[in-house]
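Everything on this sheet refers to the single structure shown next.
The values are calculated or read from the model by the stated rules, or taken from the named source; none is laboratory data. This is a predicted model, so every value here is computed, not measured. Because the Cβ atoms are built from the backbone with ideal geometry, glycine has one as well, and the counts that use them run over all protein chains shown. Ligands, DNA and RNA are stripped out before the accessible areas are found, and what is left, the full protein with its side chains, is counted by its heavy atoms. Shrake-Rupley method; radii C 1.70, N 1.55, O 1.52, S 1.80 Å.
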Amino acid sequence: MTPPLELAFSPCPNDTFVFHAWAHGLVPDAPPARVTFADIDVTNTAAERGEFDVVKVSYAALPWLMGSHTLLGSGGALGRGCGPLVLTREPLPDLDGRTVAVPSARSTAYLLFRLWAQRQRPARIDVVPFSAIMPAVRDGRYDAGLVIHEARFVYQDYGLTALADLGQWWEADTGLPIPLGAILARRSLDAALLTHVVRASVEHAWADPAASAGFVAEHAAELAPDVQRQHIALYVNEFTRDLGEEGHAAVRALLDRAHAAGLTPATPPLR
């Protein structure tokens, strides 16, 4: 009997929606998968250690991972109007001399933040668990916080304001969608087959969204069903089904800019 593939993705609604069908044996002829739920900060470093067969990571982590992994053309998070936000408790002109909480040192959100804030000089930047960032800014432990995912739908509930929408900044500057999360597979595996499996899982989720609702709700940090639905509608789109030429161009632009700014090593070819 073929051992299951080790599959890792976040508990966020977009990932549980995308991978529900594969994880539950609903994709015909798909290899069995054993699921690990982990935040992106964990999977970025775990993938570098080779801990999973198929794994969701930040596009910003690709310079360290493409030697050992293949980028799959389906399942990732990329789009428009879905970028990270820089949040503050009160309006600020910039982040000079401020303390900032970020969710991961190798997240796409943090890479975009560094590109956006190249002329600003925060006093301190700390990696903080994603779920703790908004409460920490609200309570004054940090001057600003970099947030992702469903935070864009609920940050006002914490009394916070958006200093910057890094997705809007990126789109205005490049005209391209914003690449956030990638799906990688070990180079020893059949990337074409796995891309097909993930795409079939996406299509199954779209065809029968009610089937995954319980799985999504079980793992969502934000329990309100309407927030879960907004999250899925924003982050699961045609780029999730097929990265395509525009998606590849967006990823290449991000990584080339990061390398030119001295923020990351050069990235090998994406395909």
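So Ala185 fits all but one of (1) under 16 Å from Glu246 (Cβ atoms); (2) at pLDDT 95 or above; (3) within 19 Å of the chain's Cα centre (by Cα); what number is the exception?
Only one criterion in (1) under 16 Å from Glu246 (Cβ atoms); (2) at pLDDT 95 or above; (3) within 19 Å of the chain's Cα centre (by Cα) is unmet by Ala185, namely (1).
Under the condition of being assigned to a loop (DSSP other than H, G, I, E, B), polar (S, T, N, Q) and under 20 Å from the mean Cα position of the chain (by Cα), which residue from the range 97-147 is modelled with the lowest pLDDT?
Among residues in the range 97-147 that are assigned to a loop (DSSP other than H, G, I, E, B), polar (S, T, N, Q) and under 20 Å from the mean Cα position of the chain (by Cα), the one modelled with the lowest pLDDT is Ser104.
Among Ala233, Ala221, which is the only one that is modelled with pLDDT under 95, closer than 28 Å to Gln156 by Cα and touching a Pro at 6+ places or on another chain (Cβ under 9 Å)?
Ala221
Can you run down the residue pairs with Cβ atoms below 7 Å, 6 or more apart or on separate chains, where the first is in the range 237-260 and surrounded by fewer than 15 Cβ atoms within 10 Å (Cβ to Cβ) and the partner is part of a helix (DSSP H, G or I) and of a type in the set (A, V, I, L, M, F, W, C)?
none
Going through Ala61, Ala30, Ala46, Ala21 one at a time, which residue ends up being under 25 Å from Ala224 (Cβ atoms) and either in a loop (DSSP other than H, G, I, E, B) or open to solvent by less than 20 Å² (accessible area, probe 1.4 Å) (or both)?
Among Ala61, Ala30, Ala46, Ala21, only Ala21 is under 25 Å from Ala224 (Cβ atoms) and either in a loop (DSSP other than H, G, I, E, B) or open to solvent by less than 20 Å² (accessible area, probe 1.4 Å) (or both).
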